[in-house]
Every structure is written in C-alpha cells, then in structure tokens.
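Working notes for the structure below.
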Amino acid sequence: MPYTELLKFQDDFVSGKPISKEYVHFSESDCPGLDVWIGRIVRSISLEFLHEILFTILSELLVNGCKANGKRVFFLEQNLDIQNEKDYTKGIPLFKEEFGHFRKRVFQSLEKTSYKVWLTAINFADHIQFSVRNNAKILMEEKHRIDTRVESSLKFKNINDAYRESVDNEESSGLGIVLIHILLRNSGVKNRFFELITSENDTEVVIRIPKRIISQETQRDIRELICREVDSLPPLSALIQKLISICTKPNVEWSEISKEVEKDPATTAEVLKIANSPLFGSHSKTISILDALKRIGLKNLESIFLALGSKKILNSKYPKQLAVWTHSYKTSLVARFLLDERKDLHKYMEVSVVSALLHDLGRMVLLSLDLSLINQIRVLQSENKHEISEWVEEYSLGISHSEIGFMIAKKWNFPDAILDAIQFHHKPWQCRTSNTIICEIIYLSDILANMGKGKGNYFTIEPEILDKFSIKSENEFRDTQDRFRSMIQTKINESEGLFLD
C-alpha cells in the first residue's frame with residue numbers, strides 16, 4: 001500500500017467510513033495482513049496499546065467464523081443435518097479431526113461455496129466498533145460456547161492473568177472474548193461493548209471500544225494538571241540560552257563559542273563527553289573543547305545545547321528519568337546505525353541523532369504522575385506495577401507522551417525538525433512538512449530500540465517505511481534487529497554514562 005493509499009485509508013477511517021476485509025477462510029498466512037490492518041487503525045486514533053489485544057480478539061473471531069462456515073459445509077458433505085442433535089453428536093468429532101489435521105481440505109471446500117466472513121471497523125465520536133460477520137445462522141451449541149467464555153472472564157482480575165491461562169481447549173482458546181470483557185467491563189460502555197447479533201442468515205459479533213475509559217471531566221482535569229506541570233518547568237539556564245544565541249549568529253567564530261563553554265566546567269565536561277561518544281562516530285578521544293565543538297558541528301550545536309539544558313532541568317525534577325534517557329540514547333544509536341547503511345540519507349544523520357535523543361521528553365512527565373487511583377489501569381496492568389505500558393496510561397489519560405513532549409519542546413523553542421520528530425515519532429505519516437523523513441527515521445529507530453522489551457514486531461511496522469530502509473522481509477528485519485542489538489551493547493559500554501547520569 002503506497003503512502004498516498006495509507007493516508008486515504010486512515011483519513012477514511014477517521015472520518016467514519018467503514019473499513020472492511022473479506023475472507024473465505026482465515027489461517028496463519030492471513031495474520032500478517034490483519035496485523036498491519038489493525039496497526040493502521042489504532043495508530044490513526046492513538047490507541048496503539050490495543051494492537052496486540054485486538055489482534056488476539058479479531059483473529060480468534062475470524063477463525064471461529066470461518067470454522068463455523070466450514071462446519072456447515074462439512075456436515076453437508078457427510079450428508080448430516082447440523083440442526084439434528086443426533087447428527088450433530090455424530091458429526092462434530094469428525095469435523096474436529098478434519099479441521100485439526102486436514103484443514104486445507106476444509107478451506108478448499110469453502111472456496112466452492114458462497115460462505116464468507118467479513119471484518120469491519122468503524123470510527124465513532126466516542127468509540128471504535130469492530131464487527132465480524134459470517135453468513136450462517138448460529139447454532140445453540142455455538143452460542144453456549146460464547147456464553148461460557150463470557151462467564152469465565154469474571155474469574156480474572158486483569159489481562160495478564162487471562163493470558164497465562166487458556167480458557168477453552170475444545171474448539172479454540174476463547175482468549176479473545178475473555179480479553180474484551182476484562183478490558184471493558186469497568187468502562188463507561190457498560191453492557192454495549194460486546195454484542196452477539198443473529199438472524200436466519202447471519203451471525204455477527206460486535207465489539208465497541210471506548211476512546212476513553214475515565215470521564216471526560218477527569219480527563220480534562222488531568223490534562224490541565226499536565227499543562228500546569230509543563231508551565232512550571234523553568235526556562236533553560238542563562239548559560240544555555242547564551243550559548244544557543246552565540247552559535248546561531250551569522251559568521252560566528254569557533255573561538256567565541258569555546259570560550260563561553262569553558263566558563264562552565266560542567267558544560268565543558270558534557271560537551272567533551274558527547275563529542276567523544278558513538279553518537280558522533282568518534283574513533284579517537286579529544287580533550288580540546290575547540291576540537292570537540294568542531295566534531296559536533298556548528299549546525300548541531302544549537303540542538304546539543306538544547307539537549308544539555310533539557311537534561312539538567314528534567315533530571316533534577318523527575319526521578320524516573322534514567323529509563324527514558326537510556327531508551328532515547330539507544331534510539332539515537334540505532335538512528336546512526338540505520339543511516340550509516342544508507343548513504344543517500346546521510347544528510348539527515350546529525351539532526352536524526354539529536355532528535356532521537358530528545359524524542360521521549362514527554363514520558364518523563366507521564367511516568368512521574370501517580371496513576372494508582374485510576375481503577376481501569378489496575379485492571380489493565382499485572383500485579384507487577386513496573387509492567388504497565390505508557391500506552392495504557394495514555395489510553396486512560398487521553399494525552400500522549402508525544403503531545404506532552406511537544407509542549408515542552410515548544411516552550412523551550414526547539415527547532416522545527418526536532419519539534420516534528422517529538423510530535424510525530426509514532427505517526428510519521430501525519431507530519432506534513434519536509435521533516436517527514438526525520439520522523440520516519442525516529443519511528444523505525446524507536447521500534448528497533450524497544451524490541452528487546454517485546455514491543456512491536458515486523459508486521460506492526462508500516463511496510464512503506466520498512467521498504468524505504470530496504471528491509472524486505474521478516475528475516476531481514478530480524479537480522480537487522482539482532483545486528484543492531486549487538487552494536488548497541490558495544491556502544492553503550494563505550495558511552496561512559498552519556499545522558500544517563
């Protein structure tokens with residue numbers, strides 16, 4: 001799907017037009033396409049954290065819909081009446097054997113019929129709706145299985161518990177239906193989030209997922225709290241502001257910048273550390289501040305001084321900054337690795353490296369909030385409080401770390417390229433400026449740097465961006481991931497705590 005089609009797909013969905021897929025049968029080979037389809041939907045409305053859960057739910061419903069159709073075809077082939085209790089009892093073990101061991105034959109039979117399964121997504125003002133419909137009337141036994149899965153969801157406290165235990169081992173795991181009930185039973189949607197609609201010719205499961213799970217008033221209060229938090233951040237220090245002013249003067253001399261830097265021992269040490277780091281491809285150490293500044297480059301100095309000023313303020317205010325800086329530094333390294341392999345994109349190297357270093361500023365504010373009183377977050381997370389995802393927090397709060405970071409960067413007058421990278425590093429296709437390529441670099445670098453945490457996979461990444469970086473297959477992606485992981489570890493060991501202390 002070219003970029004123009006991607007943008008139309010997302011514009012259509014956001015505007016409320018139904019987005020549909022049709023299947024004769026659904027199998028493992030269809031999973032990558034479904035993964036991409038779900039990813040584009042959730043990213044278009046900032047509900048990325050739902051990606052994995054929705055994939056589990058929808059893939060299960062699609063399999064069950066296709067299985068229900070296949071069951072009817074099989075019974076006809078065996079001259080059995082599926083509505084007859086005696087025939088059903090006789091035929092169901094035969095069908096399980098056929099579907100379990102000779103599924104291809106079931107699929108071939110389906111292809112000769114008019115049976116289909118349709119998956120549709122619609123965006124509404126306060127929720128998104130997914131429906132899976134197959135053109136077969138539901139049987140009482142099939143309805144009983146669904147009711148049993150709904151009831152079984154009551155015994156689980158949270159999603160992680162449900163993942164650990166398989167619910168139904170007879171015809172499918174039943175995990176998807178359980179997940180949707182755990183996710184939404186305490187939401188404002190109440191009993192409308194899961195609906196089974198039947199007729200003489202169709203069976204349809206409808207899932208409605210709210211765009212927020214706390215009240216609009218509470219979300220507004222939280223947003224105002226975050227805005228006040230950002231407003232309370234002090235301006236960059238007078239020294240940093242002066243250094244930025246000097247290095248952006250026309251025809252500035254290197255000696256003028258170095259003399260000003262050397263007035264402050266802490267800034268001098270930071271500049272030397274950065275210049276000698278892997279971020280700027282250093283192979284030899286320098287102890288000269290003049291040489292260090294030249295190595296960083298005049299066009300990068302403003303951004304580096306902004307980074308140093310940000311670090312000083314944020315590290316002093318927020319205690320949870322270490323993990324954020326560690327990830328940001330890894331993302332910065334990955335951006336360099338990517339561009340080292342793409343000579344045609346070398347001109348974006350420096351700005352991408354610095355943008356990657358600053359792309360997650362908003363997470364420091366987000367992670368500093370006390371969210372323990374928001375009940376729905378307790379439902380979504382496991383007993384281990386450290387396992388909570390920032391996507392869960394953003395789903396509850398109604399504001400993203402990208403948006404918070406943009407507010408901070410705007411307050412401190414960051415350059416447009418870095419502003420765009422912070423705002424659009426999860427959605428580069430929404431950037432409509434010349435900085436789109438930088439956003440794409442940070443997008444892919446961020447995902448690759450996060451892979452060790454189990455976030456994302458090859459099929460959740462926009463294919464156009466993978467293609468732009470010549471990653472043509474899942475194996476190539478894994479090779480890139482493994483190669484960069486090893487390189488990151490080496491460079492981290494060489495970094496001497498850059499931005500991490």
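For this structure, a couple of remarks:
- Just one of the listed residues (Gly65, Gly70) is open to solvent by less than 20 Å² (accessible area, probe 1.4 Å) and in contact with a Leu (Cβ under 6 Å, 6 or more places away or on another chain), and it is Gly70.
- Any hit, the stretch 92-101, residues being in a loop (DSSP other than H, G, I, E, B) and modelled with pLDDT under 95: no
To keep it simple, each residue is scored yes or no on (1) in a loop (DSSP other than H, G, I, E, B); (2) at pLDDT below 65; (3) under 30 Å from the mean Cα position of the chain (by Cα).
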| residue | (1), (2), (3) |
| --- | --- |
| Leu119 | no, no, yes |
| Phe130 | no, no, yes |
| Arg133 | no, no, yes |
| Ala136 | yes, no, no |
| Glu141 | no, no, no |
| Ser166 | yes, yes, yes |
| Ile177 | no, no, yes |
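- Residue within the stretch 286-294 that is open to solvent by 20 Å² or more (accessible area, probe 1.4 Å), within 27 Å of Phe484 (Cα to Cα) and in contact (Cβ under 8 Å) with a residue 12 or more places away in the chain present: no
- Selected residue (criterion: nearest to Ile138 (Cα to Cα)) from residues of the stretch 69-111 that are among the charged types (D, E, K, R) and touching a residue at least 60 places away in the same chain (Cβ under 8 Å): Arg72
- Test: residue in the stretch 16-23 that is aromatic (Phe, Trp, Tyr) and in a helix (DSSP H, G or I): no
- Verdict on Arg342 being closer than 17 Å to His425 by Cα, open to solvent by 10 Å² or more (accessible area, probe 1.4 Å) and either basic (Lys, Arg) or out of contact with any helix residue (DSSP H, G or I) (no Cβ under 7 Å at 6 or more places or on another chain) (or both): no
- The residues in the stretch 411-453 that are surrounded by fewer than 18 Cβ atoms within 10 Å (Cβ to Cβ), part of a helix (DSSP H, G or I) and touching an Asp or Glu at 6+ places or on another chain (Cβ under 9 Å) can be counted, and the count is 2.
- Residues being at pLDDT 90 or above and either small (Gly, Ala, Ser) or at positive phi (or both) - total across the stretch 414-450: 4
- Test: Ser486 is closer than 20 Å to Leu279 by Cα and either at pLDDT below 85 or of a type in the set (Phe, Trp, Tyr) (or both): yes
- For the stretch 194-230, filtered to residues that are more than 26 Å from Val42 (Cβ to Cβ), charged (D, E, K, R) and in contact with a Lys or Arg (Cβ under 8 Å, 6 or more places away or on another chain), the residue that is surrounded by the fewest Cβ atoms within 10 Å (Cβ to Cβ) is Glu200.
- Selection count, the stretch 102-117, where residues are polar (S, T, N, Q) and assigned to a helix (DSSP H, G or I): 2
- Of all residues in the stretch 40-57, those that are open to solvent by less than 10 Å² (accessible area, probe 1.4 Å) and modelled with pLDDT under 85 have Cβ atoms under 8 Å from Cβ atoms of residues that are among the small types (Gly, Ala, Ser) and in a helix (DSSP H, G or I), 6 or more apart or on another chain, in Ile57/Gly176.
- The residues of the stretch 239-281 that are of a type in the set (Gly, Ala, Ser) and either surrounded by fewer than 16 Cβ atoms within 10 Å (Cβ to Cβ) or in contact with a strand residue (DSSP E or B) (Cβ under 6 Å, 6 or more places away or on another chain) (or both), listed by number, are Ser245, Ser255, Ala266, Ala269, Gly281.
The values are calculated or read from the model by the stated rules, or taken from the named source; none is laboratory data. Fair warning: this is a prediction, and the values are worked out from it, not measured in the lab. For neighbour counting, all protein chains shown are included, and Cβ atoms are generated from backbone atoms with ideal geometry for every residue, glycine included. What goes into the accessible areas is simple: the full protein's heavy atoms, side chains included, and nothing from ligands, DNA or RNA. Shrake-Rupley method; radii C 1.70, N 1.55, O 1.52, S 1.80 Å.
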